[in-house]
1. Within region 80-89, can one find any residue that is in a helix (DSSP H, G or I) and either in contact (Cβ under 8 Å) with a residue 60 or more places away in the chain or charged (D, E, K, R) (or both)?
2. Say whether the condition of being hydroxyl-bearing (S, T, Y), surrounded by fewer than 18 Cβ atoms within 10 Å (Cβ to Cβ) and assigned to a strand (DSSP E or B) is met by at least one residue in region 62-77.
3. Show the residue pairs that are 6+ apart or on different chains and have beta-carbon atoms under 7 Å apart, the first residue being within region 30-56 and of a type in the set (V, I, T), the second being in a loop (DSSP other than H, G, I, E, B) and open to solvent by less than 30 Å² (accessible area, probe 1.4 Å).
4. I'd like the full set of residues that are more than 17 Å from V121 (Cα to Cα), in a loop (DSSP other than H, G, I, E, B) and open to solvent by less than 60 Å² (accessible area, probe 1.4 Å), limited to region 40-61.
5. Among the residues of region 1-16, what is the count of those that are more than 16 Å from F37 (Cβ to Cβ) and small (G, A, S)?
Amino acid sequence: QVQLVESEGGLVQAGGSLRLSCAASGRTFSSYAMGWFRQAPGKEREFVAAITWRRGNTAYADSVKGRFTISRDNAKNTVYLQMSSLKPEDTAVYYCAASLHSLATTLYDYAYWGQGTQVTVSS
C-alpha cells in the first residue's frame, strides 16, 4: 500500500509559477515511478509528467514540455511538479500517482493516487 498526499494548489496569474509536491508513504519501495495527472471540468484525466525513483528518468506531455519540470527527493519520498509559464489551459485538479512497474503515461498503469489539488490559472 502506498499513500500519496499532495500539497495545496493555488490560484496564479497567467505566466506565473507554482510548485506542487506529493509525499509518498507506506510501501514506497514498491513504487517504480511517480506521475502527475490533471483533470479539468468536463474533461478526462490526462497525463502531465512522470519520473522514476531510481534513475530520475522523466516523461512529459507535449502540452507542458519546456514549462513544467518534475523532480524527486528520494530521501523525502517526495515528488515535485514545478510549473512555470502557466496558462489558463493548465487549470485543473492535479493528481499525483504511483506506478509499480514502469514510467507510464496512461491512467491504467498507476495503482495509487493522491487526493487531488486544484490549480487555477487566471488570464
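1. Step one: filter region 80-89 for residues in a helix (DSSP H, G or I), giving 88-89.
From what is left, the residues that are either in contact (Cβ under 8 Å) with a residue 60 or more places away in the chain or charged (D, E, K, R) (or both) are 88-89.
Yes, region 80-89 contains a residue that is in a helix (DSSP H, G or I) and either in contact (Cβ under 8 Å) with a residue 60 or more places away in the chain or charged (D, E, K, R) (or both).
2. yes
3. Between residues of region 30-56 that are of a type in the set (V, I, T) and residues that are in a loop (DSSP other than H, G, I, E, B) and open to solvent by less than 30 Å² (accessible area, probe 1.4 Å), the close pairs are V48/A61; V48/V64.
4. Those that are more than 17 Å from V121 (Cα to Cα), in a loop (DSSP other than H, G, I, E, B) and open to solvent by less than 60 Å² (accessible area, probe 1.4 Å): W53, G56, A61.
5. 4
The values are calculated or read from the model by the stated rules, or taken from the named source; none is laboratory data. Remember, it's a predicted structure, so these values are computed and weren't measured experimentally. Here the Cβ is made from the backbone with ideal geometry for all residues, glycine too, and neighbour counts use every protein chain on show. The accessibility values were calculated without ligands, DNA or RNA, using every heavy atom of the protein model including side chains. Shrake-Rupley method; radii C 1.70, N 1.55, O 1.52, S 1.80 Å.
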